[in-house]
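The values are calculated or read from the model by the stated rules, or taken from the named source; none is laboratory data. Note that the coordinates shown come from a computational prediction; the quantities given were computed from them, not determined experimentally. Here the Cβ positions follow ideal geometry from the backbone for every residue, glycine too, while neighbour counts run over all protein chains shown. Please note that ligands, DNA and RNA were not included when accessible areas were found on the heavy atoms of the full protein model with its side chains. Shrake-Rupley method; radii C 1.70, N 1.55, O 1.52, S 1.80 Å.
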Amino acid sequence: MPRDIVPAETPPSAIAPTETRRAETPTTGTDPSETPPVAAPEDTPGEALKVVTARHPGRLAAAAGVLVLLAMAASALITNTAWDWPVVGEYLFAPSILRAVAFTLQLTALGIVLGFVIGTVVALMRLSTNPLLSSVAWGYTWLFRSVPLILQLLFWYNLALLYKQISFGVPFGPSFFSIGTMDLIGPVTAAAIGLALHQGAYAAEIVRAGFLSVDHGQLEAAAALGIPRTRQIFKIILPQAMRTIIPTAGNEIIGLVKGTSVVYIMALPELFYQAQVIYNRSGRVIALLLVAAIWYLILTTVLSIAQYYLERHYAKGSSRRLPETPLGRLRRAFAERAAAPVGETSGRTP
């Protein structure tokens, strides 16, 4: 007998779901069926984002202070008549000054060429596995780096006080001929020997540091390929070592240009000695010292430029892109400034 089907009671949540949801919705005075609008960013062509640069008040204050100091120095150089600028212009290209500049360059070239030849030999001796060679090389470097240059110059200049003659022949045996020390070693020769031996001690350490900077595995690979030792040095080690040698060697060359002024004690007509001779005769001390200073600035500037381009040349194998030259950076800056829109120079986008 079939039972009567009694309908189940409907829960209140199922009877009026709409009314329940409306009761849970907070009233804000508006129609609850409407969703609040989302504020969209205004895209007005006339309104653009402003680029605000960072403020550096300390940097600006330091730059302003340096600018004031530079202006004061320039004013002192220009307005003070005690500098004798007309006299400086008169003697700057005087024949005696130009001959002194040429002699200074001659001494520098002799000292650097002979010094680096000696330094390269001493560096190879220092790197040798022979204990006698490495010890002698270390002793040479120790001795000539310890004695001041002026003492070395005076020693070689007065060598005739120790040896009247210098003989050539078999060691500890008969001599073939002899030459007077004063005839063989004059003032210029003594200056060249002193500068070369002094510079050779520093050049030895520079060259040795350059050789040690090359990876030892490359030497092992070259030896495994049967490449001779001399070819390993000049074709593999030296080109890579020049990246380390050139910066320090450039500093030594620039230092030697100024160091040649020490030979004034031997009455050699280099730049500083010639300036002294002229101002002792004319009494224009400051003007002649300025002449010497200007020429030293010119010489060191030219050598610094040559050093930069040598470093750039030997950097070809170490970086994919060579460093820009100063003229190249200047041209690029002007090109970027000319190609930039007018609004970008003021710090805002157009």
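Details
- Selection within region 63-112: residues that are open to solvent by 50 Å² or more (accessible area, probe 1.4 Å) and not in a helix (DSSP H, G or I). The member of this set that is farthest from Tyr202 (Cα to Cα) is Asn80.
- Candidates in region 118-138 are the residues that are in a helix (DSSP H, G or I) and of a type in the set (S, T, N, Q); of these, the one that is nearest to the chain's Cα centre (by Cα) is Thr120.
- Cβ-Cβ under 7 Å pairs, at least 6 apart or on other chains, region 332-346 side under 19 Å from Val51 (Cα atoms) and in a helix (DSSP H, G or I), far side open to solvent by 100 Å² or more (accessible area, probe 1.4 Å) and modelled with pLDDT of 75 or more: none
- Selection of region 152-162 for residues being surrounded by 12 or more Cβ atoms within 10 Å (Cβ to Cβ) and without any contact (Cβ under 8 Å) to a residue 40 or more places away in the chain yields Phe155, Trp156, Asn158, Leu159, Ala160.
- Given (1) of a type in the set (Gly, Ala, Ser); (2) within 27 Å of the chain's Cα centre (by Cα); (3) open to solvent by 40 Å² or more (accessible area, probe 1.4 Å), number of the condition Ala241 does not satisfy: (3)
- Among the residues making up region 273-302, a single one is in a helix (DSSP H, G or I) and at pLDDT below 90: Ser282.
- In region 286-305, the qualifying residues are those that are open to solvent by less than 40 Å² (accessible area, probe 1.4 Å) and hydrophobic (A, V, I, L, M, F, W, C), and the one that is nearest to the chain's Cα centre (by Cα) is Leu299.
- From the options Ser178, Ser167, Ser213, residue that is small (Gly, Ala, Ser), open to solvent by 30 Å² or more (accessible area, probe 1.4 Å) and within 29 Å of the chain's Cα centre (by Cα): Ser213
- Residue among Arg145, Arg126 that alone is open to solvent by 70 Å² or more (accessible area, probe 1.4 Å), out of contact with any Cys (no Cβ under 9 Å at 6 or more places or on another chain), of a type outside the set (S, T, N, Q) and touching a residue at least 24 places away in the same chain (Cβ under 8 Å): Arg145
- Selection from region 270-285 of residues that are open to solvent by 60 Å² or more (accessible area, probe 1.4 Å) and within 31 Å of the chain's Cα centre (by Cα): Tyr273
- Taking the criterion of being of a type in the set (Ser, Thr, Tyr) and either in contact with a Gly (Cβ under 6 Å, 6 or more places away or on another chain) or open to solvent by 80 Å² or more (accessible area, probe 1.4 Å) (or both), the only residue of region 129-142 that qualifies is Thr129.
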